[in-house]
Amino acid sequence: MKAQTQLEFPLFKGEALTQLPEDLFIPPEALEIYLEDFSGPMDVLLYLIQKKDIDILDLDLSEITGQYIQYIELMDALKIELAADYLVMAATLAQIKSRMLIPQAEEEEVEQDPRSELIRRLQEYQRFKSVSESISNLPRVDRDFFIASAALPTFKEQSPVINISAIELAEIFHTASTRPKFSAHHEIRFEELSTQDRIALILSILNKSNVIQFFQTYQKEEGKQGVVVSLLASLDLAKDGHVELIQNEDSNQLYIKSTNRGFH
Amino acid sequence: MNISDNLANIVESILFGSGRPMRLSEIKTLLSTQNIEAELPNIKIAMNSLEDRFASSALEIKEVASGYRLQIRNEYGDFLYPLWNDNSNRLSKALMETVSIIAYKQPVTRGDIEDIRGVSVSSQIIRSLLDREWIKAAGYRDVPGRPTLYETTKIFLNDLNLQTLNDLPPLPEALPAEEALDQLEVG
């Protein structure tokens with residue numbers, strides 16, 4: 001153990017530690033071992049409380065805080081790496097202690113006991129700490145009991161047997177060979193009508209008349225593709241605010257109206 | 001061979017050879033692959049007669065969360081312990097506290113565990129519990145950061161010789177801290 005072979009005394013509060021603080025329960029050479037055994041600051045705190053054999057509710061916070069802080073100072077002096085959680089707890093304790101020292105003004109609402117949150121957490125932690133100890137004591141596989149097993153017999157090599165008649169096989173072959181081909185030849189062509197050109201066309205028509213009907217923007221022989229390109233072009237223009245698309249409630253006809261914002 | 005006399009032997013071979021707990025329904029399926037149709041009650045009867053046969057031996061049949069398994073009676077554990085004593089079964093207090101919180105409050109996030117334990121949950125502990133297959137991720141909580149929710153597994157119960165979570169020791173009652181605290185004098 002590191003602590004046992006140490007020749008120099010650790011420094012505690014700036015002085016070489018030749019004597020233990022009297023109210024310390026754990027000898028420092030054992031502290032490292034203890035610390036490994038503690039699962040966290042709550043565990044240390046519970047330990048301090050239980051060592052004193054007092055009810056959590058009678059917690060004398062200034063005493064416990066003093067001891068707790070002494071512990072972590074000592075751990076620090078012994079160069080035991082401290083988890084940040086231990087320091088958080090020290091800060092919490094110091095905060096509660098300071099709140100308890102501040103006298104309460106009478107007109108203030110009756111404040112909760114500053115200790116209550118900490119005590120509630122300690123009690124909640126204590127429940128799980130205690131039940132986890134019970135679970136640790138349950139019989140556990142490969143520690144307290146063992147599973148029986150036997151070496152396996154050599155397995156017979158089982159060649160897969162396929163149960164199928166010649167006619168069934170022929171049917172399967174037929175289905176497979178006449179399965180429709182889903183992979184067909186497909187050629188990608190460049191678009192013949194460009195949306196950009198259609199936008200230019202629509203704008204040039206709108207230069208002559210302020211409002212045009214949608215059907216004026218394409219030609220019959222262009223087919224569906226023409227309609228689609230015109231629609232894309234109109235939507236594009238509308239998106240950028242160059243035109244408004246208008247449709248009267250009583251007609252199916254779509255009008256394109258110039259907003260006269262120009263497009264050049 | 002006479003199947004009904006032999007059913008106990010077949011069940012025995014399955015329990016010995018499976019290396020894990022077996023359900024009656026799984027045994028039924030294995031039997032049917034050999035064209036033996038046995039009803040679940042009959043398999044249970046075979047299981048019971050096997051149990052009688054083991055009565056004076058070091059073995060016992062135990063029902064755990066994932067089915068039936070054959071294990072060595074507790075009283076012979078001491079003879080085997082040196083064989084297995086490689087510290088891998090020594091579990092830290094922190095690990096046991098963590099798995100206990102998951103068992104009683106599942107599903108929980110790391111944050112929930114940290115709230116109770118007052119200390120950050122090391123990734124090593126979670127890793128170790130996942131490696132043992134004692135816990136598993138069971139989705140995410142719908143809050144910022146979407147933390148993983150953990151719950152315990154059947155293997156956790158199997159390894160503790162338990163059938164259901166209800167077999168775990170009861171969680172101590174929460175002390176009525178609030179009431180008691182109200183009576184405290186603010187000092």
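Quick one: which of B:Ala94, B:Ala55 is of a type in the set (A, V, I, L, M, F, W, C) and more than 9 Å from chain A (Cβ to nearest Cβ)?
B:Ala55
Looking at region B:115-141, which of its residues are at pLDDT 90 or above and in a loop (DSSP other than H, G, I, E, B)?
Matches in region B:115-141: B:Arg132, B:Glu133, B:Trp134, B:Arg141.
If a residue counts only when it is within 49 Å of the chain's Cα centre (by Cα) and surrounded by 10 or more Cβ atoms within 10 Å (Cβ to Cβ), which helices (runs of 4 or more DSSP H) contained entirely in region A:150-264 have at least 2 such residues?
A:195-208, A:223-239
Pairs under 9 Å by beta carbon, first residue over 18 Å from B:Lys62 (Cα atoms) and exposed (fewer than 14 other Cβ atoms within 10 Å of the Cβ) in region B:1-23, partner of a type in the set (Phe, Trp, Tyr) and at pLDDT 90 or above, six or more apart or different chains?
Filtered contacts from region B:1-23: no entries.
Being among the aromatic types (Phe, Trp, Tyr) and either in contact with a Pro (Cβ under 6 Å, 6 or more places away or on another chain) or more than 14 Å from chain B (Cβ to nearest Cβ) (or both), is that true of even one residue in region A:174-193?
The answer is yes; a qualifying residue exists.
For region B:129-163, give me each residue that is within 14 Å of chain A (Cβ to nearest Cβ) and more than 8 Å from the chain's Cα centre (by Cα). Walk me through it before giving the result.
Filtering region B:129-163 down to residues within 14 Å of chain A (Cβ to nearest Cβ) leaves B:129, B:132-135, B:152-163.
Across region B:129-163, the qualifying residues are B:Leu129, B:Arg132, B:Glu133, B:Ile135, B:Thr152.
Being under 33 Å from the mean Cα position of the chain (by Cα), at pLDDT 85 or above and surrounded by 17 or more Cβ atoms within 10 Å (Cβ to Cβ): is that true of A:Arg121 here?
The answer is yes for A:Arg121.
Among (1) closer than 20 Å to A:Leu45 by Cα; (2) more than 13 Å from chain A (Cβ to nearest Cβ), which single condition is B:Pro107 missing?
The single condition B:Pro107 does not satisfy is (1).
The values are calculated or read from the model by the stated rules, or taken from the named source; none is laboratory data. Note that the structure is a prediction, hence the values are computed from the model and not measured. FYI the Cβ positions are ideal-geometry reconstructions off the backbone, even for glycines, and counts take in every protein chain you see.
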